[in-house]
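Chemist: Here you go, one structure.
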Amino acid sequence: MTESSGARSATSTGARSATSTGARSAHETHDYDVVVVGAGGSGLRAAIAAHEAGARTAILTKSLLGKAHTVMAEGGIAAAMGNVWPEDNWQVHFRDTMRGGKMLNNWRMAQIHAQEAPDRVWELEEWGALFDRTKEGKISQRDFGGHRYARLAHVGDRTGLEMIRTLQQRAVDLGIDVYMECTVTRLLKSGDRIAGTFGYWRETGSFIQLNAPAVILATGGIGKSFKVTSNSWEYTGDGHALALEAGGSLINMEFVQFHPTGMVWPLSVRGLLITESVRGEGGVLRNSDGKRFMFDYISDYFKAETADTEEEADRWYDDHINNRRPPELLPRDEVARAINSEIKAGRGSPHGGVYLDIATRRSAADIHKRLPSMYHQFKELADVDITKEPMEVAPTAHYVMGGVEVDADTQAATVPGLYAVGEASGGMHGSNRLGGNSLSDLIVFGKRAGEHAAEYAAKQSTRPTASSAAVEDAIAAALKPFESNGGENAYAVQHELQDVMFDLIGIIRTGEEMQRALTEIEKFKGRAARVTVDGGRAYNPGWHVALDINSMLTVSEAVARAALERKESRGGHTRDDYPMTDPEWGKVNLIVTQTDGRIAIERKPLPQMPNDLMSLFEEPAK
Amino acid sequence: MATQSATQETRPTARAAITARHLRTDRWWFDPLLTFIVFGAFVIYGTWAAFDHSLVYTHVAGNPTPHRWFYAKPYLSPFYSPCVADGCPTDINWASADIWHWLSPALYILILPLGFRATCYYYRRAYYRAYWLSPPACAVAEPHKKYTGETRFPLLAQNLHRYFWYGSAVLGGILTYDAVVSFIYTNSSGYHFFIGVGSFVLVINAILILGYTFGCHSCRHITAGRLNHFSKHPIRYRWWTLVSKLNHWHRQWAWASLVWIALADLYIRLVSNGTITDYHHIF
Amino acid sequence: MSRDLQMRVWRGDATGGGFVDYTVPVEEGEVVLDAVHRLQATQAGDLAVRWNCKAGKCGSCSAEINGLPRLMCMTRLSSFDPGETITITPMRTFPVIRDLVTDVSFNFEKAREVPAFAPATDNAGGKFRMAQIDVERSQEFRKCIECFLCQNTCHVIRDHDENKPAFAGPRFFIRYAELDMHPLDTQDRQKMTQEDEGLGLCNITKCCTDVCPEHIKITDNAIIPMKERVVDRKYDPVLFLGSKIGLRRDSGRTVVGPAVKRGGPSPIKHPATTVEGDASDAEVD
């Protein structure tokens, strides 16, 4: 027996009882201190932290362990370790993050993130992650858009997989309870406090209730509400919707990041992500005339730090100190808008994208070594050899900057006992997230959320318990699609909602289109209520989609209403009718709340950044 | 509508009820069949060749001269190298050991290469599939009721592969020597440079044998595979890199060297008994 | 360029099932998973299929297509003859849950037996120094997306359910190889890989390597090197003698056994209840 198994046997597995709550359904209940909803990078990191803090912890996930969307993160984990450029430090990382988010970020979160990311990366290494190495044997770091120095710890172009596998193996080693293929449909409350989660097993369709004073939402994003997206089916905004429903609030929901480079062909993989590392490794964007067009799209905001000739841009890869960055490595919102403009101006590729060219820039051997998954992805899915031909790319819905409004230090939402981390939480990335900052976000705040949730749970003198009426209500809501005779097809409603969101609340927005979207969303709500499901409850995807639509509709409305409210363009929110960035709007966040099913928006002033941090923005950026 | 009816201890254990042994629609049987035929042919030919070390006669200056069938001056069949027993032609006889002269020398020489190939990680794959049908092909059910893999005697002896490798590496050196001496013709006037079709047959044979032997998985392990710090052993790491490259094509080396060694033996026998003429030049 | 695709899909659950024929319109450039999704959206709303990223990165949509273990999202329809009927079945080695979804918890239980990476404790906080060439071998194994196709195709358990308790399978042999080749680990899992995890059951017939969607050289780079490392330790008298008379240095690693005992209570949870009278209404032939 090893030391780790000793720790495992000490782990409590939570009392289990199977109770019947009436004739129409049976369900099981278990007791925990902390329940983590979601098993991506932030959920696993939070569960590990909560477990290590002594809390009886459970992880619930809609998928199998290790399949979460984190595996899709390719480029790397941003952390100012200074392994490649000793000039790098947390202050520079903090400044890059704030500038990338157009200063709308929660400064305290950005600060904590920049300060703690290196320790979290090293911790992964101690748990078995194998990052690429520098010549001195340290963790290698690569360049990415918006980061002044090469800063992303990476493993080829499959860094997210490395992170999730490392955390998964750690969680399994610690013996943390895992409930796989379980969907949470309700947060349970006792008075103001969180009392647990209610949901169903996908495998059997039977219900499962976890009683816990603290719940951490680590459910990821909302990308599945958009037709062209790099996100998987899981990204239906469950955490966002659950938090709203439980009385929490969302922040920055108008900011949706469209990743500049998604695949466009073949149709079946439209939206699939092409990592920013292609550009970090030297790839450039060209239009149908062969022109490297990004030089035409350098905004004043980034003029001082961006190369204005191809020669300077090309020298930069070897000498960051004496040259400025290539414009291909501007933050994602800038590049996505530029690509969008080129395509609209008729200078796009045959399938409606632009060209991303690495073939003429790097040797085939380098491409195989540095971008193996990309080579593989194009070869097998599009029959394109990226060492010989350029890729066709266009923007794809990728990430929502908005999420549950949380306290910067503890990740606590406004509902006592509720926490949110990762993409499900908001504030950290402001109006636009820099590449590489999401993976570091997951582990920095995952750890904090786990620790604080455990501490909160330990401090409760009485265990909150949900009323049986609330549970009955949750059961009824979950079974409703089986009893409806409305005849609506869940898949059809989902697909049409995705079309509306992508076309009307997409990368470029106007007030009129967003109004139309809101009207459509109201109609979808009516149709969603009439969805009818075939078959039984055991592993029935039709039923699962029918329930997921509710979350998708809630977050879609939140995005649309917030976007309509913000009358300016900034980061991941671009309006044709308000194309300029307005400094007045730079002082407020939009907060989304829900009362009796109705969504409301309010303005909230940004927290004031202290002077010592403000002074970081005064020195001229290079 | 629903009540509790199962506990965690009763997980579903039944597989999908599919009775077909496989649902493959491609020619999955082709590879194992080809392996079966070529190996079978080699074994039959090799057994015959190993036993038949009889005398044949060629006419030197009009006189029928007896010599061993596996030898056609200056070519020695690789099945009979090194020629160490009584009965070997005198000018290639290493050690004229007066033992077992009734036994073909090939029989004890071949123990090494046969053992080497029988325990080879590639050949194991090939014959387990083609002869044991364990499995005949991927996702095609095997016919056996029980399976214990390589956990028991005699298959546990597959672990001796590296010892056969040590021996075969020496043998590879000897076959290389044979290839070199096939360029030397000795007669009463001394040593002459010689070049013939058979010389090339033996050179190719030596290259294939060496390529197969030094691409061996055990060799890869011994050079540096067993180390966890390549960076501390740069020379061994370079060797490992080279062996790894050969190892990548181990299957191809295995087949090519197997077929070629039989062809080399056959060629030398046909020259030896005068069926065909070896084109050559003596300088 | 739309055309009609003939599909035969296995529908059913642990109590039984069979093939159902469908005709689905498909477009140029689509993969098998696209066809399955269209089937779900238009004809068989309750068709159970497990999938996530649809990009070959998460390893969820493992199934058998025309009898071969494949990821549905990485199998292009253009790789079949036009007019060919495509047969899709769930992975055969694991218990079926419903339709194309199988219970892969065998793998999660085997994962629990792996003793975790254990670096020296005085090495924390960014002090790791490892050369790229020293981590590359293990990095190859960490490309694994845990699709479990290798486990599914391995005849050791595919054809012999009774071997499951004693056999960890190719996915975990690469995990043991990864840890064994890690330059900074302090534990030695060689003996347990053979004695507790069934390395000797593998007869290197390489189907795991053949089906790996990540093209990991499972057999050549992990299983055979592990077998050779076991030979070093158990079957090589010369090395044994060398270590006894001090010519061969000990690896300095601590020999360990499985992290948990087989069959104990597991933190990997399963439904405690099922819903009675719940059945698929797909008509099977």
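The values are calculated or read from the model by the stated rules, or taken from the named source; none is laboratory data. Model, not experiment: these values are computed from the prediction. All Cβ positions, even for glycine, are placed from backbone atoms using ideal geometry, and neighbour counts span all protein chains on display.
Chemist: Determine which member of the set B:106, B:85, B:130, B:137 is modelled with pLDDT under 95, within 30 Å of residue B:220 (Cβ to Cβ) and of a type outside the set (Asp, Glu).
Modeler: B:106
Chemist: Name the single residue, out of those in the stretch C:197-245 being among the acidic types (Asp, Glu) and within 10 Å of chain B (Cβ to nearest Cβ), that is nearest to the chain's Cα centre (by Cα).
Modeler: Looking only at the stretch C:197-245, we keep the residues that are among the acidic types (Asp, Glu), and these are C:197, C:210, C:214, C:220, C:228, C:232, C:236.
Filter once more, keeping what is within 10 Å of chain B (Cβ to nearest Cβ): C:210, C:220, C:228, C:232, C:236.
On the way: C:210: 13, C:220: 17, C:228: 22, C:232: 27, C:236: 31 Å.
Ranking the qualifying residues of the stretch C:197-245, first place goes to C:210.
Chemist: A follow-up question, please. So in the stretch C:28-63, with the set limited to residues that are free of Cβ contacts under 8 Å to residues at least 60 places away in the same chain and among the charged types (D, E, K, R), which one is farthest from residue A:68 (Cα to Cα)?
Modeler: Filtering the stretch C:28-63 for residues that are free of Cβ contacts under 8 Å to residues at least 60 places away in the same chain and among the charged types (D, E, K, R), the one farthest from residue A:68 (Cα to Cα) comes out as C:28.
Chemist: Limited to the stretch C:109-144, what total is found for residues that are hydrophobic (A, V, I, L, M, F, W, C) and within 7 Å of another protein chain (Cβ to nearest Cβ)? Walk me through it before giving the result.
Modeler: Going residue by residue through the stretch C:109-144, those that are hydrophobic (A, V, I, L, M, F, W, C) are C:111, C:114, C:116-118, C:120, C:124, C:128, C:130-131, C:133, C:135, C:141, C:144.
From the residues that got through so far, the ones that are within 7 Å of another protein chain (Cβ to nearest Cβ) too are C:111, C:116-117, C:124, C:128, C:130-131, C:133, C:135.
Going through the stretch C:109-144 one residue at a time, the tally reaches 9.
Chemist: What is the residue count in the stretch B:210-230 for residues that are within 14 Å of the chain's Cα centre (by Cα), hydroxyl-bearing (Ser, Thr, Tyr) and within 11 Å of another protein chain (Cβ to nearest Cβ)?
Modeler: Selection size over the stretch B:210-230: 0.
Chemist: Would you confirm whether or not the stretch C:191-209 contains a residue that is in contact with a strand residue (DSSP E or B) (Cβ under 9 Å, 6 or more places away or on another chain) and surrounded by fewer than 22 Cβ atoms within 10 Å (Cβ to Cβ)? Step through it out loud before you land on a result.
Modeler: Taking the stretch C:191-209 as the starting set, the residues that turn out to be in contact with a strand residue (DSSP E or B) (Cβ under 9 Å, 6 or more places away or on another chain) are C:191-192, C:207.
Pick out the ones that are also surrounded by fewer than 22 Cβ atoms within 10 Å (Cβ to Cβ) and you get C:191-192.
Yes.
Chemist: What single numbered condition from (1) under 23 Å from residue A:76 (Cα atoms); (2) in contact (Cβ under 8 Å) with a residue 12 or more places away in the chain fails to hold for residue A:316?
Modeler: (2)
Chemist: Which pairs do you get when a residue that is within 17 Å of residue C:25 (Cα to Cα), found in the stretch C:78-97, comes within reach of a residue that is at pLDDT below 95 and surrounded by fewer than 16 Cβ atoms within 10 Å (Cβ to Cβ), reach meaning Cβ atoms under 8 angstrom, with the pair 6+ apart or on two chains?
Modeler: C:78/C:28; C:82/C:3
Chemist: Quick one: count up the residues across the stretch C:158-168 that are under 17 Å from residue C:105 (Cα atoms) and either in contact with a Phe, Trp or Tyr (Cβ under 6 Å, 6 or more places away or on another chain) or surrounded by fewer than 24 Cβ atoms within 10 Å (Cβ to Cβ) (or both).
Modeler: Adding up the residues that qualify gives 6.
Chemist: OK, next. Could you check how many residues of the stretch A:568-583 are loosely packed, with under 13 Cβ neighbours inside 10 Å and basic (Lys, Arg)?
Modeler: 0
Chemist: So which residues in the stretch B:192-230 are free of Cβ contacts under 8 Å to residues at least 24 places away in the same chain, in a helix (DSSP H, G or I) and crowded, with 17+ Cβ neighbours inside 10 Å?
Modeler: B:207, B:223, B:224, B:225, B:230
Chemist: Going by what's in this entry, would residue A:191 be described as crowded, with 24+ Cβ neighbours inside 10 Å, farther than 30 Å from residue C:175 by Cα and not charged (D, E, K, R)?
Modeler: Spelling it out, it is not the case that residue A:191 is crowded, with 24+ Cβ neighbours inside 10 Å, farther than 30 Å from residue C:175 by Cα and not charged (D, E, K, R).
Chemist: Still on this structure, please answer the following. With respect to residue A:393, is the statement that it is in a strand (DSSP E or B) and not assigned by TED's automatic domain parsing to the domain that holds residue A:444 true?
Modeler: Spelling it out, residue A:393 is indeed in a strand (DSSP E or B) and not assigned by TED's automatic domain parsing to the domain that holds residue A:444.
Chemist: Shifting gears a bit: Any residue at all in the stretch A:374-383 that's outside any helix (DSSP H, G or I), surrounded by fewer than 23 Cβ atoms within 10 Å (Cβ to Cβ) and not assigned by TED's automatic domain parsing to the domain that holds residue A:150? Break it down stepwise before answering.
Modeler: Start the filter on the stretch A:374-383 by keeping residues that are outside any helix (DSSP H, G or I), which leaves A:383.
Add one more test, that the residue is surrounded by fewer than 23 Cβ atoms within 10 Å (Cβ to Cβ), and what stays is A:383.
After this cut, where a residue has to be not assigned by TED's automatic domain parsing to the domain that holds residue A:150 as well, the list is A:383.
Yes, that holds for at least one residue.
Chemist: Here's a follow-up. Go through the stretch A:433-447 and give me each residue that's among the basic types (Lys, Arg) and under 14 Å from residue A:400 (Cα atoms).
Modeler: The one that is among the basic types (Lys, Arg) and under 14 Å from residue A:400 (Cα atoms): A:433.
Chemist: Test each condition in (1) modelled with pLDDT under 95; (2) away from chain C (no Cβ under 12 Å); (3) surrounded by 22 or more Cβ atoms within 10 Å (Cβ to Cβ) for residue A:22 and report the one that comes out false.
Modeler: The one condition residue A:22 does not meet is (3).
Chemist: Out of the stretch C:10-42, which residues are under 21 Å from residue C:96 (Cβ atoms) and more than 9 Å from every other protein chain (Cβ to nearest Cβ)?
Modeler: Of everything in the stretch C:10-42, those that are under 21 Å from residue C:96 (Cβ atoms) and more than 9 Å from every other protein chain (Cβ to nearest Cβ) turn out to be C:11, C:20, C:21, C:22, C:32, C:35, C:36, C:39.
Chemist: Within the set of pairs 6 or more residues apart or between chains, which connect a residue that is at pLDDT below 85 inside the stretch B:45-56 to a residue that is among the aromatic types (Phe, Trp, Tyr) and part of a helix (DSSP H, G or I) with Cβ atoms less than 8 Å apart?
Modeler: Note: pairs meeting the criteria are B:53/B:80.
Chemist: While we're on this one: Determine if the stretch A:350-369 includes at least one residue that is within 25 Å of the chain's Cα centre (by Cα) and free of Cβ contacts under 8 Å to residues at least 60 places away in the same chain.
Modeler: There is no residue in the stretch A:350-369 that is within 25 Å of the chain's Cα centre (by Cα) and free of Cβ contacts under 8 Å to residues at least 60 places away in the same chain.
Chemist: Residues of the stretch C:72-95 being more than 10 Å from chain A (Cβ to nearest Cβ) and closer than 17 Å to residue C:61 by Cα, which ones?
Modeler: Within the stretch C:72-95, C:72, C:86, C:87, C:88, C:89, C:90, C:91, C:92, C:93, C:94, C:95 qualify.
Chemist: Just one of A:132, A:119 is at the interface with another protein chain (Cβ under 8 Å from one of its Cβ atoms), more than 19 Å from residue C:132 (Cβ to Cβ), surrounded by fewer than 24 Cβ atoms within 10 Å (Cβ to Cβ) and not aliphatic (A, V, I, L, M); which is it?
Modeler: Exactly one residue qualifies, and that residue is A:119.
Chemist: When the residues of the stretch C:119-141 are filtered to those that are at pLDDT below 95 and part of a helix (DSSP H, G or I), which remaining residue is surrounded by the most Cβ atoms within 10 Å (Cβ to Cβ)?
Modeler: In this case the residue turns out to be C:123.
Chemist: Here is a further query. Might you check whether a residue that is surrounded by fewer than 20 Cβ atoms within 10 Å (Cβ to Cβ), more than 20 Å from residue B:130 (Cβ to Cβ), in contact with a Lys or Arg (Cβ under 8 Å, 6 or more places away or on another chain) and in the same structural domain as residue C:122 (by TED's automatic domain parsing) occurs anywhere in the stretch C:169-184?
Modeler: Scanning the stretch C:169-184, I find no residue that is surrounded by fewer than 20 Cβ atoms within 10 Å (Cβ to Cβ), more than 20 Å from residue B:130 (Cβ to Cβ), in contact with a Lys or Arg (Cβ under 8 Å, 6 or more places away or on another chain) and in the same structural domain as residue C:122 (by TED's automatic domain parsing), so the answer is no.
Chemist: Another one. Which one is surrounded by the fewest Cβ atoms within 10 Å (Cβ to Cβ), of the residues in the stretch C:236-278 that are of a type in the set (S, T, N, Q) and touching a residue at least 40 places away in the same chain (Cβ under 8 Å)?
Modeler: Within the stretch C:236-278, the match that is surrounded by the fewest Cβ atoms within 10 Å (Cβ to Cβ) is C:254.
Chemist: Okay, moving on. State the number of residues belonging to the stretch A:256-271 that are in a strand (DSSP E or B) and of a type outside the set (S, T, N, Q).
Modeler: So the count comes out to 6.
Chemist: Go through the stretch A:438-464 and count every residue that is more than 14 Å from residue A:42 (Cα to Cα) and either exposed (fewer than 14 other Cβ atoms within 10 Å of the Cβ) or aliphatic (A, V, I, L, M) (or both).
Modeler: Looking only at that region, the number is 6.
Chemist: Scan the stretch C:75-86 and tell me whether some residue there is of a type outside the set (Lys, Arg), assigned to a strand (DSSP E or B) and more than 19 Å from the chain's Cα centre (by Cα).
Modeler: Yes - at least one qualifying residue is present in the stretch C:75-86.
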